[in-house]
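The values are calculated or read from the model by the stated rules, or taken from the named source; none is laboratory data. This is a predicted model, so every value here is computed, not measured. Don't worry about glycine lacking a Cβ; one is built from the backbone with ideal geometry, like all the others, and counts go over all protein chains shown. In case anyone asks, the SASA skips ligands and DNA or RNA and just uses the protein heavy atoms, side chains included. Shrake-Rupley method; radii C 1.70, N 1.55, O 1.52, S 1.80 Å.
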Amino acid sequence: MYLVFSCTPTLIGKGIRFLTRNEYNHVSLVLDIEGNKMVSFGRIHQNTPLWGGFVFEQENRFIQGDKEAFIKVVDLKGKVDEKRILSLLTPFIEQPDLYRYNTVSAVTSLLHRGFTIPHAYTCVEFVSFLLDKTDVSVNQLEARYADSVIYEGSYLPFFSEEATLLSKEDDPYKISLSRKKSWGMTFRHFASLADSRRSTP
């Protein structure tokens with residue numbers, strides 16, 4: 001297993017890096033490099049940035065036009081219990097619609113504070129949960145594994161050509177929603193976060 005910290009080529013990614021002064025704004029867990037099996041929390045569709053959840057990430061998220069993400073890869077071999085992580089991942093994979101992106105926590109994290117909502121995660125909260133850590137920022141997680149970096153550079157050279165070709169097929173990220181549906185799903189997303197927060201004891 002590997003961690004991938006990325007400098008994503010999106011407006012929100014650029015905004016996060018500007019406000020935090022961090023080099024990277026996103027983190028993912030790689031289950032299989034050859035098959036490009038990467039999981040995290042983020043937007044589901046490219047044109048609906050405020051509605052997100054659990055996602056399998058593919059090339060389209062890291063390459064947009066002539067813009068390619070800069071990444072840092074950490075080898076977790078010998079540092080984590082892979083069986084435990086796979087067990088924790090099972091409900092996310094089997095019931096992805098149960099989980100939401102924690103947009104509120106993403107905003108409050110800019111003030112170095114998280115915001116807990118049941119079944120909701122930012123990318124950092126999700127990866128930290130799987131690794132049994134308490135980091136609330138990309139920088140903190142990056143520093144924790146600074147001695148295990150095996151690659152830093154552009155996205156494409158690290159992943160196999162076969163995985164790159166396969167990842168373009170059937171990627172929900174590239175499905176563009178109509179403006180009406182995009183706004184509707186965004187409203188439902190925030191309403192769901194609010195309902196979950198209110199129901200917390």
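A few comments on the model shown:
- In summary, the helical segments of the chain meeting the span-like criteria, namely a full DSSP H run, a Cα extent along the axis of 15 angstrom or more and a mean Kyte-Doolittle hydropathy of at least -1.0, are 82-94.
- In this Cβ point-charge picture (+1 for Lys and Arg, -1 for Asp and Glu), the chain has a dipole of about 1060 debye about its Cα centre.
- Residues of the chain: accessible area per residue with a 1.4 Å probe, Å²: 55
- Amide H within-cut-off set for Leu177, under 5 Å, with H built and near neighbours excluded: Asn47
- Of Ser40, Ser178, Ser105, the one that fluctuates the most in a GNM where the chain has Cα springs shorter than 10 Å: Ser178
- The HN-Hα couplings worked out from phi for the range 64-70 by the Karplus form 6.51 cos²θ - 1.76 cosθ + 1.60 (θ = phi - 60°) are 10, x, 9, 9, 10, 5, 9 Hz, whole numbers, x standing for Gly and Pro.
- The chain, accessible surface, carbon-and-sulfur percent (1.4 angstrom probe): 55
- For Gln64 and Asp132, a Förster radius of 41 Å and the Cβ-Cβ distance give a FRET efficiency of 0.80, rounded to the nearest 0.05.
- Theoretical gain in end-to-end length, Ser196 to Ala146 [0.36 nm per residue, Cα-Cα removed]: 14.5 nm
- Potential extension, Asp75-Arg188 segment - 0.36 nm per residue separation minus Cα distance: 36.9 nm
- Charge context of Ser148, other residues only, Cβ under 10 angstrom, K/R +1, D/E -1: +1
- In this structure, the amide hydrogen of His26, modeled 1.01 Å from its nitrogen in the peptide plane, lies closer than 5 angstrom to those of Ser6, Thr8, counting only residues at least 5 positions away or on a different chain.
- The GluC sites (Glu not before Pro) of the range 15-118 meeting both criteria, a DSSP state outside H, G, I, E and B (loop) and at most 12 other C-beta atoms within 10 angstrom of the site's C-beta, are Glu34.
- Leu88/Lys174 FRET efficiency (R0 35 Å; Cβ-Cβ; nearest 0.05): 0.80
- Heavy-atom SASA rank of Cys123, Cys7 (probe 1.4 Å, accessible area, largest first): Cys7, Cys123
- 28 Å Cα-Cα reach of Lys174 towards lysines, excluding residues that sit fewer than 8 places from it in its own chain: Lys14, Lys37, Lys67, Lys72
- Per-residue HN-Hα couplings for the range 47-58 [Karplus 6.51, -1.76, 1.60; θ = phi - 60°; Hz; x = Gly/Pro]: 8, 10, x, 9, 10, x, x, 6, 9, 8, 8, 10
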